[in-house]
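One structure is given below, encoded as structure tokens.
The values are calculated or read from the model by the stated rules, or taken from the named source; none is laboratory data. Since the model is a prediction, treat every value here as computed from it, not as a measurement. Don't worry about glycine lacking a Cβ; one is built from the backbone with ideal geometry, like all the others, and counts go over all protein chains shown.
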Amino acid sequence: MNDFSVRAMLQQLPYFAQVNEAVLSELAQQAVRCTFTANEMIFLEGESSAGLWILQNGRVKAYKLSPDGQEYVMNFFAPGSTFNDLAALDGAKNPVSTMAVTDVIAWTIPSAVFVSALQNDHEMCRAVLQGLVGRVRHLVGRVEDLALRPVTARLARFLLQQVENPTLDDPAITRALIAQHLATTPESISRSLRLLEEAGAIRFDRHHIIVISPSVLEQQARL
């Protein structure tokens, strides 16, 4: 990808949509292209942050490991997503580990470059704050789901989110990965999917889950 296409990619992101051409060009020049194969580690929790990551192609999972080695998937990222935003802002260690779920092309903007741009652009600061607020709200909803809702309701809410943000539209996102994200087992996910199918909320097209009735999903999400 040449400099022009990097600049065009950045301009499509909410963080950089209002940034002037000179700043966009500088960010594009400083961005570093990285490629990963499926199941390859991108970075580890506790390592020094390389900066702000931007996903061009592929799917990425962010996860944490329990002391006994159980993996909990915090989030999935699709093309056009940024990740490791917090560590890029405060210079702290990576708060999670990330791995390529599929083959991935990603870009990283060094923390110093990102923070310098923020210091000189109030609109960019506002956009980043709005993005971070959205992620905090998402995490609050995740805690509520895990604490208060059964598996089928959590799955229904998760599928509703994918209607608006089709991050999981890839065969590499398996039921095992969904289970790790919803803190349950693949068997429980399979049972809940059958219940949702019987309720008329979804249907299957080979490996794809097709939402056919968001209203039924919404009813199941409230149970």
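What do you reckon, is residue 46 farther than 22 Å from residue 8 by Cα, in contact (Cβ under 8 Å) with a residue 12 or more places away in the chain, assigned to a loop (DSSP other than H, G, I, E, B) and not hydroxyl-bearing (Ser, Thr, Tyr)? Give the steps one after another, and end with the answer.
On the way: farther than 22 Å from residue 8 by Cα: yes; in contact (Cβ under 8 Å) with a residue 12 or more places away in the chain: yes; assigned to a loop (DSSP other than H, G, I, E, B): yes; not hydroxyl-bearing (Ser, Thr, Tyr): yes.
So residue 46 passes the test.
When you go through 33, 7 one by one, which is the residue that is outside any helix (DSSP H, G or I) and either of a type outside the set (Ser, Thr, Tyr) or touching a Leu at 6+ places or on another chain (Cβ under 6 Å) (or both)? Walk me through it before giving the result.
Numbers: 7 fails: outside any helix (DSSP H, G or I).
One residue alone meets the criteria, 33.
For the structure I just gave you, tell me whether residue 121 is surrounded by fewer than 13 Cβ atoms within 10 Å (Cβ to Cβ) and of a type in the set (Asp, Glu). Reasoning before the result, please.
Values: surrounded by fewer than 13 Cβ atoms within 10 Å (Cβ to Cβ): no; of a type in the set (Asp, Glu): yes.
No, not satisfied.
Go through the residues of region 186-196 one by one and say whether even a single one is polar (S, T, N, Q) and either over 27 Å from residue 66 (Cα atoms) or assigned to a loop (DSSP other than H, G, I, E, B) (or both). Steps first, answer last, please.
First pass over region 186-196, keeping only residues polar (S, T, N, Q): 188, 190, 192.
Still in the list and also either over 27 Å from residue 66 (Cα atoms) or assigned to a loop (DSSP other than H, G, I, E, B) (or both): none.
No, there is no match, as no residue in region 186-196 is polar (S, T, N, Q) and either over 27 Å from residue 66 (Cα atoms) or assigned to a loop (DSSP other than H, G, I, E, B) (or both).
So, of the residues in region 80-114 that are of a type in the set (A, V, I, L, M) and part of a loop (DSSP other than H, G, I, E, B), which turns out to be surrounded by the fewest Cβ atoms within 10 Å (Cβ to Cβ)?
Step one: list which residues in region 80-114 are of a type in the set (A, V, I, L, M), which gives 86-89, 92, 96, 99-101, 104-106, 109, 112-113.
Filter once more, so that each one left must be part of a loop (DSSP other than H, G, I, E, B): 92, 96, 101.
Values: 92: 12, 96: 21, 101: 22.
Residue satisfying both the conditions and the ranking: 92.
Quick check on residue 128: is it in a helix (DSSP H, G or I), out of contact with any Phe, Trp or Tyr (no Cβ under 8 Å at 6 or more places or on another chain) and in the same structural domain as residue 25 (by TED's automatic domain parsing)? If you could, list the steps in order and put the result at the bottom.
Values: in a helix (DSSP H, G or I): yes; out of contact with any Phe, Trp or Tyr (no Cβ under 8 Å at 6 or more places or on another chain): no; in the same structural domain as residue 25 (by TED's automatic domain parsing): yes.
The answer is no for residue 128.
Restricting attention to region 50-79, report how many residues are at positive phi and surrounded by 15 or more Cβ atoms within 10 Å (Cβ to Cβ). Show your work before the answer.
Start the filter on region 50-79 by keeping residues that are at positive phi, which leaves 51, 58, 69.
Going one step further and asking which of them are surrounded by 15 or more Cβ atoms within 10 Å (Cβ to Cβ), we end up with 51, 58.
Summing the residues that are at positive phi and surrounded by 15 or more Cβ atoms within 10 Å (Cβ to Cβ) in region 50-79 gives 2.
Output the qualifying pairs, or none if there are none: Cβ atoms under 7 angstrom, residues six or more apart or on different chains, first residue in region 111-122 and at pLDDT below 95, second residue part of a helix (DSSP H, G or I) and surrounded by fewer than 16 Cβ atoms within 10 Å (Cβ to Cβ).
Cβ pairs passing all conditions: 118/125.
Give the residue that is surrounded by the most Cβ atoms within 10 Å (Cβ to Cβ), with candidates limited to residues of region 179-213 that are without any contact (Cβ under 8 Å) to a residue 40 or more places away in the chain, of a type outside the set (Gly, Ala, Ser) and under 22 Å from residue 60 (Cβ atoms).
189
Kindly indicate the residue of region 158-185 that is small (Gly, Ala, Ser) and part of a loop (DSSP other than H, G, I, E, B) and also nearest to the chain's Cα centre (by Cα) among those meeting that condition. Give the steps one after another, and end with the answer.
From region 158-185, those small (Gly, Ala, Ser) are 172, 176, 179, 183; that's our starting set.
If we keep only those that are part of a loop (DSSP other than H, G, I, E, B) as well, we get 172, 183.
Values: 172: 15, 183: 17 Å.
So, considering only residues that are small (Gly, Ala, Ser) and part of a loop (DSSP other than H, G, I, E, B), the one nearest to the chain's Cα centre (by Cα) is 172.
Does region 142-157 include one or more residues that are of a type in the set (A, V, I, L, M, F, W, C) and under 13 Å from the mean Cα position of the chain (by Cα)? Quick ask: steps written out before the conclusion?
First, pick out the residues of region 142-157 that are of a type in the set (A, V, I, L, M, F, W, C): 143, 146-148, 151, 153, 155-156.
Narrowing further to those that are under 13 Å from the mean Cα position of the chain (by Cα): none.
No; the residues of region 142-157 include none that is of a type in the set (A, V, I, L, M, F, W, C) and under 13 Å from the mean Cα position of the chain (by Cα).
Residues checked against (1) within 22 Å of residue 48 (Cα to Cα); (2) among the hydrophobic types (A, V, I, L, M, F, W, C); (3) in contact with a strand residue (DSSP E or B) (Cβ under 7 Å, 6 or more places away or on another chain):
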site: 89; (1), (2), (3): yes, yes, no
site: 95; (1), (2), (3): yes, no, no
site: 102; (1), (2), (3): no, no, no
site: 106; (1), (2), (3): yes, yes, yes
site: 110; (1), (2), (3): yes, no, no
site: 122; (1), (2), (3): no, no, no
site: 131; (1), (2), (3): no, no, no
